[in-house]
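Worksheet: one structure, shown below.
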Amino acid sequence: MRSNLAGPRLLLRQLREVMAEPIKAQDRLDKIVVLIAANVVAEVCSVYILRADGVLELYATEGLNREAVHQASLRVGQGLVGLIAAEARPLNLPNARAHPGFTYLPEIGEDEFNSFLGVPILRGGRTLGVLVVQNKSHRAYSEDEVEALQTTAMVIAEMVAAGELEAIAQSDSGLDMSRPIHASGVALADGVGLGHVILHEPRVVVTNLIAEDSDVERQRLDAAVNRLRLSIDDLLNSGEMAAAGEHREVLEAYRMFAYDRGWIRKIEDATENGLTAEAAVEKVQSDMRARMLRQTDPYLRERLHDLDDLAHRLIRELMGREHGSAHDDLPQDAIIVARNMGAAELLDYGRERIRGLVLAEGGPTSHVTIVGRALGIPMVGQVEDIVSFADAGDAIIVDGEAGEVHLRPAQDIQQSYADKVRFRAKRQAEYRRLRNKPSVTKDGVDITLQMNAGLLVDMPHLAEAGAAGIGLFRTELQFMVASSFPRMREQLAQYEQILTAAEGKPVTFRTLDIGGDKVLPYLRSIQEENPAMGWRALRLGLDRPGLLRTQIRALLGAAAGGDLKMMFPMVAEVGEFLQARELVERELKHLRQNGKPTPETLRLGVMIEVPSLLFQLDDLFQHVDFVSVGSNDLCQFFFAADRGNTRVANRFDPLGVGFLRALRLIVDKSNQHHVPVTLCGELAGRSLEAMALIGLGFRDLSMSSVSIGPVKTMLRTLDCGRLSARLLPRLEPDHPDTDIREFLKSFASDMGVAL
Ligand code: PEP
Ligand code: MG
C-alpha cells in the first residue's frame, strides 16, 4: 500500500508557486528547504551544490546552523553527502552515525540528528548536488518518501541548470555544471576544431515539471506509450527492416523495453507523485543514466543506452516533437556531439558548418569515421560520457591529432588552440599555393603524386590538393556506408560520377576489398580466427564470382569509351590474377555481344600486399599492366604484426633494411619489365618515408589528399640522385650503418630537405 499520496503532489504544487515567485535565488532556495522539511515531516532539510572544484557546498538549510550556509563543505566521496554524490544513489539510514562513511562537521550542528535520507540532484545523469532530510528519531523513510525527495530534487536541478544559482555562488570556483572538462579518446580524423556543441540527439528540455492533474498525466503517458510501441512495431515490420542485421537487433531490444512493465511502472509512479508525464520519464531516465555511468559491463551499458534512447523517444512523443534533429539552425562553428551515428546522418548535416565531431563510441574503421575523414572533419571517438557532460551551446575544442576534447575550455587553452588552428591554416595556405607547381625534385626528377579516395565526397580534394589522379579508389567504401548491397546500377552510377568528377585525370579502381576488418553489416560474416588473413578481398571475389562480375560490369560500363584502370587486392598467387582477368574478359565479351560500349583502353593491375608475390615478380610482371604496393598490408604480413593492433603495429620499422630491400626488389623488377609501379599505402603520405621511397626509386606515390602538400614540399627540396647514391649501398649486406631511419633524418637535415 502506498501511503499519503497527496503529500508529494501537494509539495510539488507548493514548489511550483515558489518557483514562479519573483524573488532572489537564495530566498527561493531557503523557501524550498522549509517546504520540503514540512512536507516530509523532517527537522532538517539541506541542499548541497557541487562546485567545479569537486566540493559540495551547503547552499541552504532548514534546521541546521544557517551561519554554515556557503561555509560548510565536503568533497565528493567524503561523508554521507559526498558518498551520495559519488555514487549518484540515494542513501536512507535510520542511524546515520553508525554508517562508516559518516563525517562530523561541527559547524553545521547536526549532533542531535540520527536518521538521514539523502538523494542526488540529477540532471541528464549528471550529479549537480545532494538534497538531504534528517530527523532526531531513528526513523526509516519509506520508499515513497525517497521517491518524493528525488522528484523534488529535479526541481532544484532545473534551478541549477537554468544558471540561477551562479548568481549566489560565493566561492571563486564556479558550479560543476560549468566545469571545464578535458577528456581523452581516440584520434579518428586529423585536424583541430573550435566551436560550440550541437547535440546530435538534442535533449528535449522538460521545463514543465509539475502536473496540474495527475490523472490527465497518466492518460497522456498511456497514449504516448501506445504510440511509441506502434512506431517501433511499424519500423520492425517495414520491408526495409526485414533484412537489416544490427539495426534490427537494436529495434528488437527497443521493443522489449517498450513493453517492459518495470520501466513503465516506474514512470507511472513518478506521475502519481505529481510530475508531468514527460518529467516522469525524464526522472526515470536520469536515475537510469546515473546508473549507466557506473556500469562497466559493455553489454549492459549498450542495453542501458538503448533504454536511454527509448526514453528520449517517449519524451518526444509526449512533447509532440519529431524524431531526429533539425539541421537548419546549425551555427557556423558546430561541433557535433553524439553517442554514435551512421555515416548517412553525418552527410545530412552538410560539410560547411561542421568544425568537428565527438563520439562516445566510434572506432577507426566505423563508417562515420571513414566519411568524416573523407570530409576532413576533425574527429575524436570513444570519449565516454561526453553526451552527459556536454550541453548544447557549450564551447568545445576537438583535437583530432591528439585524440583529445576540451569541453568549456579555460581561456588559456582556447588561446593556445586558436593559435594552433591559425598555424595549421597558414601551412594549408602554403600547401595550396604549391598545388600548381611542378612535382619535381631539386635535381629534376618528376614524381607523380596521386591521392587515395573512396567516396564521392573525396573528389573535390583532387583539384584542391593538385593531385595527378586517384592512385587508389577503394570501392568498398560505397558498400560500407550503404545499408544494403549496392546494385549494379547504383555501382555504375557511382563510378560514372567519380570519373566525371576526376575531369580526365586517371583513376585506379580497386575491386572490392571486403572481409577482414572491412565489415558489411548486411553481409553475414563468418567468424574467423584471423580475419585479416582470412576470406577477404579477391579471395571472396573469386569464390563468389557473381559479386565480382557485377562490379566489373559496372566499372566497364562506367568507363565506356574512355580509359579504365582496375586492380585487384590481396593477390597471393599469379594464378588468382589470371582468374580475375578471365572474369573481366568474360564480361567484356558479354558487353560486346550485346552491342554495349566498352572502355577504349583497359589496364589491369595487382596490389602487392602479400609477401608471397615478392617471389613471383618475374611471372607477375609478364601478365599485369601495372602494380601498386599496398604497404599497409604488405608491412603487416611481412612482419606478421597486425596493422590494427597498437601493441605490435609500430613494433617493426618499415624503414628497416628488411622491408626496404623488399620494396627495392619491386622497383628493380618493375624497371626490368617496364611495368609501372606505384605505392599507395600510408607510407607514401609520411614525408620522411616518402623521401626514402623516392630514394629507392619509386616515381609514383598515392596518399591521402592532405599529405600531398607536405610531400610535395619535401620532394621539391630533395636531391634525389644524391639520396639514392647514399641510401642504396645501405641495403647491401654487411653495411656498417644499420639505422636507416637515423641516416634519413640526418640526410634531410644536412641537405635542407623540408620534412
Ligand atoms: C594497403 O594495404 O596498403 C592499402 C592501400 O589498402 P588498404 O589500406 O585499403 O588495405
Ligand atoms: Mg590493403
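The values are calculated or read from the model by the stated rules, or taken from the named source; none is laboratory data. Given the structure is predicted, the values throughout are model-derived calculations rather than measurements. Here the Cβ is made from the backbone with ideal geometry for all residues, glycine too, and neighbour counts use every protein chain on show. Areas reflect the complete protein model, heavy atoms only, side chains present, ligands, DNA and RNA absent. Shrake-Rupley method; radii C 1.70, N 1.55, O 1.52, S 1.80 Å.
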*With axes computed from alpha carbons, what is the tilt in degrees of helix 277-294 against the longest principal axis of the chain, rounded to the nearest 10 within 0 to 90?*
60 degrees
_Rounded to the nearest 20 debye, dipole of region 485-575 from Cβ charges on Lys, Arg, Asp, Glu_ = 240 debye
*For region 121-134, in order, what is each residue's ³J(HN,Hα) by Karplus, 6.51 cos²θ - 1.76 cosθ + 1.60 with θ = phi - 60°, in whole Hz (x at glycine and Pro)?*
8, 10, 8, x, x, 8, 8, 9, x, 9, 10, 10, 10, 9
*Just grab the label-to-label distance for Lys442 and Asp329, each label 7 Å out from Cα along the Cβ direction, in nm (one decimal).*
5.8 nm
*Please get the size of the charge dipole for the chain, origin at its Cα centre, with Cβ charges of +1 on Lys and Arg and -1 on Asp and Glu, quoted in debye to the nearest 20.*
2080 debye
_Considering only C-alpha atoms, what is the centroid distance from region 425-464 to region 87-112, in Å?_
67 Å
*Quick one: what are the phi-derived ³J(HN,Hα) couplings along region 595-612, Karplus 6.51/-1.76/1.60 with θ = phi - 60°, whole Hz, x for glycine and proline?*
x, 8, x, 10, x, 5, 10, 9, 10, 10, x, 9, 8, 8, 9, 10, x, 4
*Report the relative contact order of the chain, percent, no decimals, based on alpha-carbon pairs under 8 angstrom and at least 6 residues apart.*
10 percent
_Just to confirm my numbers, what's the Cα centroid distance between region 172-243 and region 596-675 in Å?_
48 Å
*Rounded if a/c is under 1.5, else prolate if a/b is larger than b/c, else oblate: which is region 6-178, with a ≥ b ≥ c the root eigenvalues of its Cα gyration tensor?*
rounded
*Among Val81, Val358, Ala662, flag the residue with its Cα farthest along the positive direction of the charge dipole of the chain, charges on Cβ as +1 for Lys/Arg and -1 for Asp/Glu.*
Ala662
_Two-site FRET efficiency, Leu731 against His70, from Cβ-Cβ distance with R₀ of 51 Å, rounded to 0.05_ = 0.10
*Report Glu166's accessible area, 1.4 Å probe, all protein chains in place, as a number in Å² to the nearest 10.*
70 Å²
*What is the set of long-range amide H partners of Leu602 at a cut-off below 5 Å, with H atoms built 1.01 Å from backbone N?*
Leu564
*At 7 Å along the Cα-to-beta-carbon direction for both Glu600 and Phe615, put a label point, then send me their distance in nm to one decimal.*
4.3 nm
*Pulled fully out, how much extra length does the chain show between Glu112 and Ile526, if you take 0.36 nm times their separation in residues and subtract their Cα-Cα distance?*
142.3 nm
_³J(HN,Hα), Karplus 6.51/-1.76/1.60, whole Hz, each residue of region 561-578, x for Gly, Pro_ = x, x, 9, 10, 10, 9, 9, 10, x, 6, 7, 10, 9, 4, x, 5, 4, 4
*Could you state how much accessible area Lys596 has, in square angstrom rounded to the nearest 10, with a 1.4 Å probe and all protein chains kept in place?*
110 Å²
*Name the aspartates and glutamates eligible as straight-distance cross-link partners of Lys136: C-alpha to C-alpha under 15 Å, and not fewer than 8 places from it in the same chain.*
Glu43, Glu62, Glu110, Asp111, Glu112
*Go ahead and estimate [θ] at 222 nm for the chain from helices alone: -39,500 (n - 2.57) per DSSP H run with n ≥ 4, summed, over the residue count, rounded to 500.*
-14000 deg cm²/dmol
*asked:* I'd like to know which of Leu407, Leu314, Gly372 lies farthest towards the positive end of the charge dipole of the chain, counting +1 on Cβ of Lys and Arg and -1 on Cβ of Asp and Glu.
replied: Gly372
*What accessible area per residue, rounded to a whole number of Å², is obtained for the chain using a probe radius of 1.4 Å?*
44 Å²
_Checking the a/c ratio against 1.5 first, then a/b against b/c, what shape does the Cα gyration tensor give for the chain?_
prolate
*Name the trypsin sites (Lys or Arg not before Pro) in region 462-495 that are in a loop by DSSP and that have at most 12 other C-beta atoms within 10 Å, would you?*
Arg487
*Report, in degrees rounded to the nearest 10, the 0 to 90 angle that the Cα long axis of helix 214-237 makes with the longest principal axis of the chain.*
20 degrees
*GluC sites (Glu not before Pro) lying in DSSP loop within region 340-423, provided at most 12 other Cβ fall within 10 Å*: Glu352
_If you fit an axis through the alpha-carbon atoms of helix 298-319 and take the longest principal axis of the Cα set of the chain, what angle between them do you get, 0 to 90°, nearest 10?_
70 degrees
_Point-charge dipole on Cβ atoms (K/R +1, D/E -1) for region 342-430, about Cα centre, debye to 20_ = 520 debye
_Those residues of region 335-364 whose amide nitrogen sits under 17 Å from the label point placed on Arg424, 7 Å along Cα→Cβ_ = 335-337, 351-359
_Which chymotrypsin sites (Phe, Trp or Tyr not before Pro) in region 103-209 sit in a loop by DSSP (not H, G, I, E or B) and have at most 15 other Cβ atoms within 10 Å of their own Cβ?_
Tyr104
_Label-point separation, Arg586 to Glu352 (7 Å along Cα→Cβ), nm_ = 4.9 nm
_Amide H contacts of Ser628 (H built 1.01 Å from N, under 5 Å, at least 5 apart or other chain)_ = Val606, Met607, Ile608, Thr678
*Amide H to amide H, which residues 5 or more places from Ile121 or on other chains are under 5 Å from it, using H placed in the peptide plane?*
Leu128, Gly129, Val130, Leu131
